[in-house]
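See below for the structure under consideration.
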Amino acid sequence: MSRLPTYASFVRFSHSVFALPFALTGALLALHRTGDWALAHAGRRIVWIVIAMVAARSAAMGFNRLADAAHDALNPRTSSRELPRGAMTRREAQVFIAVAVLVFVASAWELGPVCFALSPVALAIVFWYSLAKRFTTYTQLFLGLAMAVAPVGGWLAAGGAGGWEPWLLGLAIGTWVGGFDVLYACQDLEFDRAHGLRSIPVRFGVARSLRISRAMHVVTIVCLVLLAPAAHLGGIYLAGVAGVAGLLVFEQSLVSEHDLSQVKRAFDMNGYVGILYLVTTALAVFLG
């Protein structure tokens, strides 16, 4: 038990607020479409969705830290992470990842045959992001893809079938996450170039990368707006989308080509995006 704070810090457990609200939103929209609100059905599935999401994210982040340990040790910004500073061993990290994978697969089993069958695909997608920077410029897009799995998985886990909702929500989340990861990667531009790592900022520079990030966030808002008629959501939902748009505008305003000092603050703003969106979507579903 004394190691729990170390493990939580290792995978930045608090950052679960990025993906989890959108997995729950995907499930909420699926239940909204099917109308199956029986507590025995909905409550059980929500619990397993939460467990699956936390486990998948923990496995992915653990793998990321393990894969990047050598580079993290060289980068002043990341040298204090658990593996570089010796707070955890590589063996501990490997066991942690294996346990998280097993919990995720077991959760997928509980959520039905479709989720269980797709669980290796989901793991492959979230693990690939950690390796992508060695092979492709578009690393940040792969993180977006990894996060886009969350609402689609939530939709399937709650019994959703046909409909535009999971695809619009997945695209919105993918472009949102990809957009803020582009901002985040700008602060490592010189380090990545010096060590042969690839990213959108390395390829396009800071100024063009900021424009790419802002364009991606415009796509995010467009997709969220289009979701309103697709899911039959009204004014409460659109007010929530307006709030998300305001947060993203503020986030983008914190970062400029010549001043990256507020990147961490901009990054942390995203924790409020998912919570606001989930709460307002739930209100729209139950009160609209």
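The values are calculated or read from the model by the stated rules, or taken from the named source; none is laboratory data. Given the structure is predicted, the values throughout are model-derived calculations rather than measurements. All Cβ positions, glycine included, derive from the backbone under ideal geometry; neighbour counts span all protein chains shown. Quick note on the areas: whole protein, heavy atoms, side chains included, nothing else; ligands and nucleic acids left out. Shrake-Rupley method; radii C 1.70, N 1.55, O 1.52, S 1.80 Å.
For the stretch 8-35: of the residues being modelled with pLDDT of 80 or more and among the hydroxyl-bearing types (Ser, Thr, Tyr), which is nearest to LEU283 (Cα to Cα)? Among them, the one singled out is THR25. Applying a threshold of 6 Å to beta carbon distances and a minimum spacing of six or more residues, or different chains, the list of pairs starting in the stretch 26-52 at a residue that is under 20 Å from TYR277 (Cβ atoms) and ending at one that is part of a helix (DSSP H, G or I) and of a type in the set (D, E, K, R) reads LEU29/GLU165. Under 20 Å from the mean Cα position of the chain (by Cα) and touching a residue at least 40 places away in the same chain (Cβ under 8 Å), is that true of GLY154? Yes, satisfied.
Among the residues of the stretch 17-55, the one identified as in contact with a helix residue (DSSP H, G or I) (Cβ under 6 Å, 6 or more places away or on another chain) and among the hydroxyl-bearing types (Ser, Thr, Tyr) is THR25.
Of the helices (runs of 4 or more DSSP H) lying entirely inside the stretch 2-95, those carrying at least 2 residues that are of a type in the set (S, T, N, Q) and either surrounded by fewer than 16 Cβ atoms within 10 Å (Cβ to Cβ) or in contact with a Cys (Cβ under 8 Å, 6 or more places away or on another chain) (or both) are 4-10. Quick one: in the stretch 126-178, of everything that is of a type in the set (Phe, Trp, Tyr) and crowded, with 24+ Cβ neighbours inside 10 Å, which residue is modelled with the highest pLDDT? In this case the residue turns out to be TRP176. Annotation note: Cβ proximity below 8 Å between a residue of the stretch 260-284 that is crowded, with 19+ Cβ neighbours inside 10 Å and a residue that is in a helix (DSSP H, G or I) and acidic (Asp, Glu) (sequence gap 6+ or interchain) occurs for ALA266/GLU251; ASN270/GLU251.
Tallying residues that are open to solvent by less than 50 Å² (accessible area, probe 1.4 Å) and small (Gly, Ala, Ser) within the stretch 183-220 yields 6.
Taken together, the residues in the stretch 166-214 that are out of contact with any His (no Cβ under 6 Å at 6 or more places or on another chain), more than 21 Å from ASP68 (Cα to Cα) and small (Gly, Ala, Ser) amount to 7.
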